[in-house]
Amino acid sequence: YHDDKDVYIRAIIGGIDPAHLEVHLNNDMVTIKGKRILPDLTIKPENYFIQECYWGGFSRSIILPVDIKSDAVEAKIEHGVLLVILPKSHRPKNTRIPIKAVK
């Protein structure tokens, strides 16, 4: 979502150590990738009735609708929710170029 000055990305990242999480901004795309490590290896997979958490690596990419000030991006995680705040760059996308007459 966005407001007048920022674009926001919220992602549920429960069960991930922030040391195993990366956020990258590349041109008009944000990539969130990480690895959720299975905490208890003593339980055999066949002993689970149901398991709601996916373990292992993951990656998500989001294409941004506007230009971003890459030097002012923030990311924080609280209660298993990652919040990435991307300040909009308010550079005009369209610029009128004056035309000079050549004699």
Pairing a residue in segment 6-35 that is free of Cβ contacts under 8 Å to residues at least 40 places away in the same chain and under 29 Å from residue 51 (Cα atoms) with any residue that is open to solvent by less than 60 Å² (accessible area, probe 1.4 Å) and assigned to a loop (DSSP other than H, G, I, E, B), where Cβ atoms lie under 7 Å and the two sit 6 or more apart in sequence or on different chains, gives 34/13; 34/16
The strands (runs of 3 or more DSSP E) lying wholly within the chain that contain at least 2 residues that are of a type in the set (D, E, K, R) are 6-12, 29-36, 74-78
request  = Output yes when any residue across segment 35-44 is among the hydrophobic types (A, V, I, L, M, F, W, C), at negative phi and exposed (fewer than 10 other Cβ atoms within 10 Å of the Cβ), and no when none is.
outcome  = yes
- Message: Just to be sure before I move on: is residue 60 touching a Cys at 6+ places or on another chain (Cβ under 8 Å), closer than 21 Å to residue 83 by Cα and either modelled with pLDDT of 85 or more or open to solvent by 40 Å² or more (accessible area, probe 1.4 Å) (or both) in the structure I sent?
- Response: no
Cβ pairs under 9 Å, 6+ apart or interchain, first in segment 64-93 and of a type in the set (Asp, Glu), second loosely packed, with under 12 Cβ neighbours inside 10 Å, ordered by first then second residue, are 67/90; 67/91; 67/93
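The values are calculated or read from the model by the stated rules, or taken from the named source; none is laboratory data. Just so it is clear, the structure is predicted and the values come from calculations on it, not from any experiment. Using ideal geometry, Cβ is built from the backbone for each residue, glycine included, and neighbour counts are taken over all protein chains shown. SASA here: full protein model, heavy atoms, side chains in, ligands and nucleic acids out. Shrake-Rupley method; radii C 1.70, N 1.55, O 1.52, S 1.80 Å.
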